[in-house]
Amino acid sequence: MKILVTGVAGFIGFHLAQRLLAAGEAVYGIDNLNDYYDVSLKKARLAQILPHSGFTFQPLDVSDRPSMSTLFQEQKFDWVLHLAAQAGVRYSLDNPSAYIDSNLVGFGNLLEGCRHSQVQHLVFASSSSVYGANTKIPFSTQDNVDHPISLYAATKKANELMAHAYSHLYHIPITGLRFFTVYGPWGRPDMAYFKFVKAIDQGRPIDVYNFGNMKRDFTYIDDVIEGIVRVLYKPCHPDDQAPYKIYNIGNHSPVELLTFIEIVEKNLGKIAQKNFLPMQPGDVLSTYADVADLMEDVGFQPKTPIEEGISHFVQWYRQYYGGS
């Protein structure tokens, strides 16, 4: 199979490309290498996979319509894994245009490419943030998600609606994945867990929002990749009226924020200086994934304990950055 992975220099895209290449698949990766966070980290990820004979990389922005059209015309992909997006809830308050361009225009360009090149399966990244102001837990894909509380979440909800329309109209098998707080080695420096480890390791205070009264369903990267790959190999039937499905990919085990910080402290052997602050705009109190559909359809659910996952991340962090 020839597989397009967008956002291949990103956290999830990089790990996914490694997994697919190890399985003998031909991977064509694109990424615009933007400077939302440290570009050197993205280049370091790429350096791990560029030598592989089955990998091809092209620097490309999904919001560039002519280039995306040319890409699909020339390459003829069997499957597409779309992970490229402008990430981050808080940044969407400061730079909304980045989300419009990448997450809406870019996703539209991708759907058009899939439509005109007979792609057999499109798997795309959504987010647990689409649950927004929902109070029912655990979060189920059957829940109403019409109340996003950030532009980032709104763009991800829009992606799901756009994908359903294309699936229905053109019978493209499409699967959306709502990721829940993905963490692990080679992770994103803008994520709270990464910031906590870096600050505590360097003896700087950490900002603890809502005075620590928050929970997150942390999901280890290896579990996320396993879930993606299993879903990729099991598309909906193209003869269905809308061969479309949404799954949660989460650990189904929310962790209290203060408990999480204690786990980080234990792994670092250092005590955090905590700066307690009110809730931030766009944040949610708790995330909790119902993964029954994922288990039923592909026989898998994430299960890595937070203690194990954070231990792996801290080991990588100290190796990569030379922490104390």
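The values are calculated or read from the model by the stated rules, or taken from the named source; none is laboratory data. Keep in mind that this is a model prediction, so the values were computed, not measured. FYI the Cβ positions are ideal-geometry reconstructions off the backbone, even for glycines, and counts take in every protein chain you see. Accessible surface areas use protein heavy atoms only, side chains included; no ligands, DNA or RNA. Shrake-Rupley method; radii C 1.70, N 1.55, O 1.52, S 1.80 Å.
Below, the figures for the structure above:
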| read-out | value |
| --- | --- |
| Qualifying residues in region 116-155 (those that are in a helix (DSSP H, G or I) and open to solvent by 40 Å² or more (accessible area, probe 1.4 Å)) - the one farthest from N251 (Cα to Cα) | H116 |
| Candidate set: region 57-73, residues that are touching a residue at least 12 places away in the same chain (Cβ under 8 Å) and surrounded by fewer than 16 Cβ atoms within 10 Å (Cβ to Cβ); chosen: the one farthest from Y91 (Cα to Cα) | Q73 |
| Failed criterion for M295 (all others in (1) within 20 Å of the chain's Cα centre (by Cα); (2) without any contact (Cβ under 8 Å) to a residue 60 or more places away in the chain; (3) within 16 Å of Y220 (Cα to Cα) hold) | (3) |
| Yes/no for A242 being part of a loop (DSSP other than H, G, I, E, B), modelled with pLDDT of 95 or more and either out of contact with any His (no Cβ under 6 Å at 6 or more places or on another chain) or of a type in the set (G, A, S) (or both) | no |
| Any hit, region 170-185, residues being of a type outside the set (V, I, T), out of contact with any helix residue (DSSP H, G or I) (no Cβ under 8 Å at 6 or more places or on another chain) and in contact (Cβ under 8 Å) with a residue 12 or more places away in the chain | yes |
| Identity of the residue in region 156-180, under 18 Å from the mean Cα position of the chain (by Cα) and outside any helix (DSSP H, G or I), that ends up farthest from A289 (Cα to Cα) | I174 |
| Contacts under 9 angstrom Cβ, first residue in region 299-321 being part of a helix (DSSP H, G or I), partner open to solvent by 70 Å² or more (accessible area, probe 1.4 Å) and modelled with pLDDT under 95, 6 or more apart | R318/S324 |
| Matching entry among S150, S126, S167 (being touching a Gly at 6+ places or on another chain (Cβ under 6 Å), more than 23 Å from V224 (Cα to Cα) and touching a residue at least 24 places away in the same chain (Cβ under 8 Å)) | S150 |
| Condition met for I206 (within 20 Å of the chain's Cα centre (by Cα) and not hydroxyl-bearing (S, T, Y)) | no |
| Tabulated pairs, region 190-215, first closer than 16 Å to K266 by Cα and in a strand (DSSP E or B), second open to solvent by 10 Å² or more (accessible area, probe 1.4 Å) and basic (K, R), C-beta under 9 angstrom, 6+ apart or interchain | I206/K195; I206/K274 |
| Qualifying position, being touching a residue at least 24 places away in the same chain (Cβ under 8 Å) and buried (at least 21 other Cβ atoms within 10 Å of the Cβ), among V80, V89, V105 | V80 |
| Exclusive hit being modelled with pLDDT of 95 or more and touching a Gly at 6+ places or on another chain (Cβ under 6 Å), set F194, F179 | F194 |
